[in-house]
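Visitor: Structure below; questions to follow.
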Amino acid sequence: MRATVIPAPEPVLLDVEGVTEQFPVRRVYCVGRNYADHAIEMGGDPTREPPFFFQKNADNIYNGEAFPYPPLSSSVHHEVELVVALSGGGTDIAVGDALSKIYGYAVGIDFTRRDLQDAAKKMSRPWEASKAFEKSAPVGALMPATKIGHPDAGAVWLDVNGARKQSGDLNQLIWKLPEIVAELSKLFVLAPGDVIMTGTPAGVGPVVRGDRIDCGIDGVGRLSLTVI
Ligand code: MN
């Protein structure tokens, strides 16, 4: 590699359960409104209208232990989600080939500055300030699909200070994992290192500094962190 005129950015690396090697992150894609009950609570249509996607920055994702409350928001919401990590890629991936592109899975949170998102929606402006901010995507350790398979059911839950706030099941996903990968690959060239956050069940709500958050997906893993 040729010398760089400023220091090259550090790679973004996620922990993998049970091994010392880490998973290098390339891009972070997110699916909007992918559980019917959450689509309804956000004022949307719970039917299978085509999925829509947005992105976070690769360096927004991290091995989560603490979540620093971001500036310029008084309504930061938790969204617990199944995180998919790709080992393969391409364009126009067939639904039947999609699972072979997946390295593994983790539990993550798509933290959202809901007040900024609501304002952006009203003004038809982009979502980055509400979604792609610093440390907005803490995740737990990745579980390789070679160990846990490809989950299509399992409780998805999130507690704040011991009280259950979100609960759903992977079997309620409007767009299933192979369909998400296939649809996304129509829009973008997917590649190893890409991460997809697959949407959140109902019960999203605000967090404040000092909150203890515990969340998990049965068969995949858990994530616990404090809002600082
Ligand atoms: Mn989300």
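Any read-out appearing in this document is the output of simple, stated calculations on the displayed coordinates, not a laboratory observation. Fair warning: this is a prediction, and the values are worked out from it, not measured in the lab. Note that we place each Cβ from the backbone using ideal geometry, even for glycine, and neighbour counts take in every protein chain shown.
Visitor: Can you give the calculated 222 nm mean residue ellipticity of the chain, where each DSSP H run of n ≥ 4 adds -39,500 (n - 2.57) and the sum is split over every residue, rounded to the nearest 500 deg cm²/dmol?
Guide: Calculated at 222 nm, the ellipticity per residue is -4000 deg cm²/dmol.
Visitor: Normalised by the residues of segment 13-227, what does the relative contact order come to in percent, with Cα pairs under 8 Å and at least six apart? Numbers along the way, then the final one.
Guide: On the way: 542 pairs, mean separation 70.3, N = 215.
Rounded, it is 33 percent for segment 13-227.
Visitor: Another one. Restricting the calculation to Cα positions, tell me the Rg (one decimal) and the Dmax (whole number) of segment 1-72 in Å.
Guide: Spelled out, the Cα radius of gyration and Dmax of segment 1-72 are 17.8, 52 Å.
Visitor: On to the next question. Test of the criteria: in segment 17-87, which trypsin sites (Lys or Arg not before Pro) are in a DSSP loop and have at most 10 other Cβ atoms within 10 angstrom of their Cβ?
Guide: Listed in order of number, the matching sites are Arg48.
Visitor: While we're looking at this one, here's another question. If we sort 168-176, 83-91 on the protection proxy, mean other Cβ atoms within 10 Å, highest first, what's the order?
Guide: Per-residue mean Cβ counts within 10 Å order the peptides as 83-91, 168-176.
Visitor: Rounded to the nearest 0.05, what FRET efficiency do Met123 and Ala163 have when you use their Cβ-Cβ distance and R0 = 45 Å?
Guide: Using R0 = 45 Å, I get an efficiency of 0.85.
Visitor: Ranked highest first by average number of other Cβ atoms within 10 Å, how do 4-15, 215-226, 65-76 line up?
Guide: Peptide ranking by packing, descending: 215-226, 65-76, 4-15.
Visitor: Once amide H atoms are built 1.01 Å from N in the peptide plane, which residues 5 or more positions from Gly199, or in another chain, come under 5 Å H to H?
Guide: Correct list: Val31, Leu82.
Visitor: Just to be sure I follow: if Rg is taken over the C-alpha atoms of segment 13-227 and Rh is the Kirkwood radius over the same atoms, what is Rg/Rh?
Guide: Value, to two decimals: 0.93.
Visitor: Under a point-charge model restricted to the Cβ atoms of Lys and Arg (+1) and Asp and Glu (-1), what is the dipole moment magnitude of the chain relative to its Cα centre, in debye to the nearest 20?
Guide: 480 debye
Visitor: What shape does segment 121-220 take by its C-alpha gyration tensor, where a ≥ b ≥ c are the square roots of the eigenvalues and a/c under 1.5 counts as rounded, a/b above b/c as prolate, and the rest as oblate?
Guide: oblate
Visitor: Still on this structure, please answer the following. Mind listing the phi-derived Karplus ³J(HN,Hα) values for segment 150-167, rounded to whole Hz, using 6.51, -1.76 and 1.60 with θ = phi - 60°, and x for any glycine or proline?
Guide: Each residue's phi maps through the Karplus curve to give 10, x, 10, 7, x, 5, 10, 9, 8, 10, 10, 6, x, 9, 5, 10, 10, 8 Hz.
Visitor: When a/c is below 1.5 the answer is rounded, else prolate if a/b is larger than b/c, else oblate, so apply that to segment 144-198 with a ≥ b ≥ c taken from the square roots of the Cα gyration tensor eigenvalues.
Guide: Values: a/c = 2.07, a/b = 1.90, b/c = 1.09.
It is prolate, given that a/c is not under 1.5 and a/b is the larger ratio.
Visitor: Right, something else. Would you please give the residues with an amide H less than 5 Å from that of Asp211, counting only those at least 5 places away or on a separate chain, with H modeled from the backbone geometry?
Guide: The list, which skips near neighbours in sequence, is Val227.
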